[in-house]
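Encoded as structure tokens, here's the structure I'll be asking about.
The values are calculated or read from the model by the stated rules, or taken from the named source; none is laboratory data. Note that the structure is predicted; figures quoted are calculated from it, not measured. Glycine also receives a Cβ, built like all others from the backbone with ideal geometry; neighbour counts cover every protein chain displayed. To get the accessible areas, we keep the full protein, side chains included, count just its heavy atoms, and leave off ligands, DNA and RNA. Shrake-Rupley method; radii C 1.70, N 1.55, O 1.52, S 1.80 Å.
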Amino acid sequence: MTPARLAVLLSGRGSNFLALAEACRRGEVPAEVVLVLSNRPEAPGLVRAQELGIPSQVVPSRGVPREEHEQAVVAALEAVRAEWVCLAGYMRLLSPPFVARFPNRIVNIHPALLPAFPGLEAQRQAWEYGAKVAGCTVHLVDAGCDTGPVVVQRVVAVFDDDTPEVLAARILEQEHIAYPQAMRMLLTLPWRIEGRRVVFSQGGGGQQGELP
Ligand code: GRF
């Protein structure tokens, strides 16, 4: 199988990018990260990419009109012939034309069990709400904020003596499993979209594609 060409868009730390890149390198996800793109020049994820020898690029967004910024991002993605766009802590909403340019080929990870707690600081939202379980969601991206069809969700317990930071760390561990798992499923199993549902044709539903 020819490896799929993934571009990762990030704005910060880059731990989900690293988890994906490592899973690709181990052969667990039949893909190659061909570009790490950040809208923030100071994003630590860019340094991680350089350390791994993965091409990286900054397309600054500060002070740039949205349309102009997105056109530059799309040009960068086209230049590397990216087939999939993996958002990993990318702190920008994508406009409908951008989403339409990669139909059902943009994936995001969100640190909550959507549709609960969309938006910023999702782990803190869950903790403040008093939720007894929390988790993460990998979903296809549509033009809304954290609204696209769900691919994988993983659940963690919330304990009474948690802090938002402790809970976020517990969720992050699961994120690093969920993102590679979702990409492996999307790239290796037949799937289709039925309404809001991503339906995988093989297996019994739920969490197929578990990594070894
Ligand atoms: C993760 O919690 C992810 O779910 C959210 O942003 C954070 C990015 O972390 N969308 P990292 O940069 O991948 O370490």
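Could you rank the peptides 164-175, 53-64 by their average count of other C-beta atoms within 10 Å per residue, with the highest value first?
164-175, 53-64
Considering only 133, 167, 88, whose Cα is most displaced toward the positive end of the charge dipole of the chain, charges sitting on Cβ of Lys, Arg (+1) and Asp, Glu (-1)?
Projecting each Cα onto the dipole axis, the largest value belongs to 88.
Okay, next question. About its Cα centre, what dipole magnitude does the chain give when the only charges are +1 on Lys and Arg Cβ and -1 on Asp and Glu Cβ, stated in debye to the nearest 20?
Taking the Cα centre of the chain as origin, the dipole is about 480 debye.
Let me ask something additional. Quick one: which of 8-21, 150-163, 114-127 comes out on top by average Cβ neighbours within 10 Å, and what's the full order, highest first?
Numbers: 8-21: 23.1, 150-163: 15.5, 114-127: 17.4.
Top of the packing list down: 8-21, 114-127, 150-163.
What is the set of long-range amide H partners of residue 152 at a cut-off below 5 Å, with H atoms built 1.01 Å from backbone N?
Distant-sequence amide H within range of residue 152: 138.
With no solvent and one point on each alpha carbon, what is the Debye value of log10 I(q)/I(0) for the chain at q = 0.09, 0.12, 0.13 Å⁻¹?
-0.33, -0.60, -0.71
Let me ask something additional. Roughly to the nearest percent, how much of the accessible area of the chain is carbon and sulfur, given a 1.4 Å probe?
Exposed carbon and sulfur together represent 54 percent of the surface.
Can you give me the accessible area per residue for the chain, using a 1.4 Å probe, in Å²?
49
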